[in-house]
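None of the figures in this text is laboratory data; all of them are computed from the coordinates on show. As the structure is a computational prediction, the values presented were derived from the model and not from experiment. We place every Cβ from the backbone using ideal geometry, glycine too, and count neighbours over all the protein chains shown.
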Amino acid sequence: MCDDSTADLVSPMPDEVWQQIAGLLPSAARVQRRGRPRMADRDAMRAILYRLNSGCAWKAIPREIGVPSTVYDRFRLWRAAGVFDAMWQRGILPAAAYTRVLSPAEPHRSDRPNERGNRQ
């Protein structure tokens with residue numbers, strides 16, 4: 001688990017910052033799925049920024065701020081869409097966090113092959 005306290009994890013993202021970020025996000029496909037409702041984009045971004053700023057592993061993201069696999073999936077989607085590049089260019093994303101976006105991401109458990117070479 002990462003070092004920050006739970007109080008720091010749940011601090012809200014300022015509205016001005018969120019408005020800048022929200023304009024950069026691709027529109028979410030409204031697909032009817034079974035199971036849990038889609039995690040709010042603002043909550044997903046807050047969890048991603050926590051991970052980028054803390055440097056912790058994806059699976060170490062506290063459940064209070066998001067399910068690690070969901071947060072990682074949203075990160076991959078938004079990274080492919082160029083969201084983090086745009087955030088850095090506009091000065092929203094600090095250089096240290098942007099460096100973590102560019103570095104090879106720690107693969108999620110389901111993306112790593114098991115001892116037989118198969119995906120889990």
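Length gained on full extension, Thr70 to Arg33, computed as 0.36 nm times the residue gap minus the Cα-Cα distance: 11.9 nm. Backbone phi angles across segment 61-69, fed through the Karplus curve with coefficients 6.51, -1.76 and 1.60 (θ = phi - 60°), yield HN-Hα couplings of 5, x, 4, 4, 10, x, 6, x, 5 Hz in residue order; Gly and Pro are listed as x. In this calculation the C-beta distance from Ser103 to Ala40 is compared with R0 = 35 Å, giving a FRET efficiency of 0.85.
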